[in-house]
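Comments concern the structure below.
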Ligand code: HEC
Ligand code: HEC
């Protein structure tokens, strides 16, 4: 287990209270900058129906109004699992990441795959599995792919608590609406970046926290290697990583990289070795794999590049 994880595991829950409105405002402002940029998709993500924008106007964040009693206790347990995933569920986690390594600000940050409103988005058809997935299915995909671990029983107490936390973050978001910064952008670049430049960007901007070999440190989790996310994770796709990095990294100087630097460093990171995922070749069974999928898929033969950056 990495030191980063150990340290984060003992962060007191009370520290979770953050100046969320200020952060959100900052992000909204900076988000516009990116949306003006033609190289990023989802430019329309902010054109929200009124109901969802009011949910956005007063973000309560992860700590907002957790009720007392058994429901509140379940929400808090769910949040604790997201923050200290391996300590909570050692048998289900195979690497040094935790859920909030990627779902930043306890899952409430726009443009970092926020869980805000996630209950209103499932069940959902997902092209990667070729199936309609429940929110529990989706959580288990991240356990297997992003945490290099194994699925939780969908009717067990841990899943119940996780879903309680997701529901807490979804209050007030009507089914069928979009929230600001939902999901993750997929960078619309013509081609994979320059990995040699990406290596230089990593050394200059990322290694001080993520380690010179992407192995992680007390300051940040690994970005590749044995303790990182699997090749089958969304984050193993360079377009996804580029968007995540462009919006969120370096952690203390967000929005400071150019689009090209983000694309280059993402191309470099996703070219590095990482844990495999069994059965990955069965992904996108209908043959619409995105062009940045990190592996060949059976269903994809012939049409692999047909629909760039579709997920
Ligand atoms: C390595 C980074 C990473 C880690 C760690 C990770 N996830 Fe994810 N997660 C992603 C990405 C990327 C997506 C895809 C966002 C999209 O669909 O556009 C995602 C999507 C999701 C979604 C669906 C969100 C939506 O709006 O549809 C849920 C729920 C989720 N993750 C839960 C979890 C849970 C629970 C954990 C811990 C067990 C976890 N994730 C760990 C990267 C990660
Ligand atoms: C100041 C420290 C710092 C710097 C510099 C930094 N990061 Fe991070 N990064 C973090 C932290 C902290 C997290 C995880 C958040 C958490 O666990 O709370 C993270 C998460 C990530 C993740 C998702 C989780 C993972 O490890 O796979 C990626 C990918 C990532 N950073 C890439 C980068 C890239 C690329 C750069 C350079 C452009 C960079 N980071 C610079 C601190 C940093």
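Just so you know, all these numbers are worked out from the coordinates, no wet-lab data involved. Small disclaimer: the values here were computed from a predicted structure and weren't measured. Positions of Cβ are generated from backbone atoms using ideal geometry, with glycine treated the same way; all protein chains shown enter the neighbour counts.
Taking the number of Cβ atoms within 10 Å of each Cβ as an exposure proxy, the fewest-first ranking of 252, 283, 276, 194 is 252, 276, 194, 283. Note on 235, 71: ascending count of other Cβ atoms within 10 Å places them as 71, 235, the fewest first. Diagonalising the gyration tensor over the Cα atoms of the range 186-311 and scaling each eigenvalue by 5 before taking the square root yields semi-axes of 26, 17, 11 Å, largest first.
Please find the FRET efficiency linking residue 196 to residue 281, where r is the Cβ-Cβ separation and R0 is fixed at 22 Å, and quote it to the nearest 0.05.
On the way: r = 29 Å, r/R0 = 1.34.
Between residue 196 and residue 281 the formula returns 0.15.
Rounded to the nearest 0.05, the FRET efficiency derived from the C-beta distance between residue 125 and residue 160 at R0 = 35 Å is 0.90. Going from the residue with the fewest nearby Cβ atoms within 10 Å to the one with the most, 227, 188 rank 188, 227. Multiplying each eigenvalue of the alpha-carbon gyration tensor of the range 112-204 by 5 and taking the square root yields semi-axes of 29, 18, 14 Å, largest first, rounded to whole angstroms.
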